[in-house]
Ligand code: C2E
Ligand code: MG
Ligand code: MG
Ligand code: MG
């Protein structure tokens, strides 16, 4: 009967599922509109050279506040966009914005890379490399100013599709660099370090956040930095929130760091202000 506990449970579960589906459908619908009206925003988070303190890269991160839904975080937005295919539209939007912005900063006399996050799904498109190069040409942004962050999830599929690796090589030949993002969290890290044209390892923020709490994490972090360096890669730590964490990373020989300790992701105008303060 309906009074059975199990019965009630099923009812409430399906209500929750129903709600989630509704939210997903609403997000999809509103996202389509937001993309149409170019209502998404790009925030940038600086990454600094650990020795000079200069900004060497800024990471472009999507931001979306919808009139009806409110703020939708990337952690909710990106998986839905990947599922629906709208990730391609987000990718082109981010790429174009990032290229325009990189050029603006270059013209103002600042030379650093802008890094964008791309999903594996976007590289399944055989014309991805071509369309990235087209955007560079269209915006006038030099390829050397563009960096692309991929995750191990990306790498996993890249192995299955050698055309993805070919596209990466093509972009690399043009001067675009690749970062293996969230390094250390997947199970293919070491393998992909060998087969993908990677320039930088970005160690996942979960390691940084437990750095001071665990001696094991300290040893692991130190080891990962050494491993990356010995393979000729640059190593970046993300999620750096305190001076104590930063100090340890310096002793490990980490090249760069990114995190709230330096700055949270901010508007391009705020980056310009930071630049004027830090490296004029
Ligand atoms: P990610 O690429 O690993 O980016 C780092 C995330 O950590 C960002 O979250 C950033 O705001 C956050 N973060 C930075 N410093 C700190 C810190 O010191 N402490 C803590 N606790 N967090 C910090 P965000 O912007 O919410 O993005 C989450 C993820 O969503 C990104 O992880 C990335 O995988 C994805 N993402 C964001 N924007 C895009 C995009 O335009 N395209 C794609 N495909 N994915 C994106
Ligand atoms: Mg990233
Ligand atoms: Mg990351
Ligand atoms: Mg992440």
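Numbers at a glance
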read-out	value
Within the stretch 61-160, helices (runs of 4 or more DSSP H) holding 2 or more residues that are within 16 Å of ligand 3 (Cβ to nearest atom)	74-84, 152-160
Residues of the stretch 225-242 satisfying the condition of being within 16 Å of ligand 4 (Cβ to nearest atom) and under 15 Å from residue 179 (Cβ atoms)	236, 237, 238, 239
When residues of the stretch 173-194 are limited to those that are away from ligand 1 (no atom under 15 Å from the Cβ) and more than 22 Å from residue 143 (Cα to Cα), the one surrounded by the most Cβ atoms within 10 Å (Cβ to Cβ)	192
From the options 189, 214, residue that is free of Cβ contacts under 8 Å to residues at least 60 places away in the same chain, within 16 Å of ligand 3 (Cβ to nearest atom) and over 28 Å from residue 96 (Cα atoms)	189
Flag for residue 139 being at pLDDT below 95 and closer than 26 Å to residue 101 by Cβ	no
Residue under evaluation residue 35, criteria (1) more than 9 Å from ligand 1 (Cβ to nearest atom); (2) over 30 Å from residue 191 (Cβ atoms); (3) part of a strand (DSSP E or B), criterion not met	(3)
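The values are calculated or read from the model by the stated rules, or taken from the named source; none is laboratory data. The structure displayed is predicted, hence computed values, not measured ones. Positions of Cβ are backbone-derived with ideal geometry, glycine not excepted, and every protein chain shown enters the neighbour counts.
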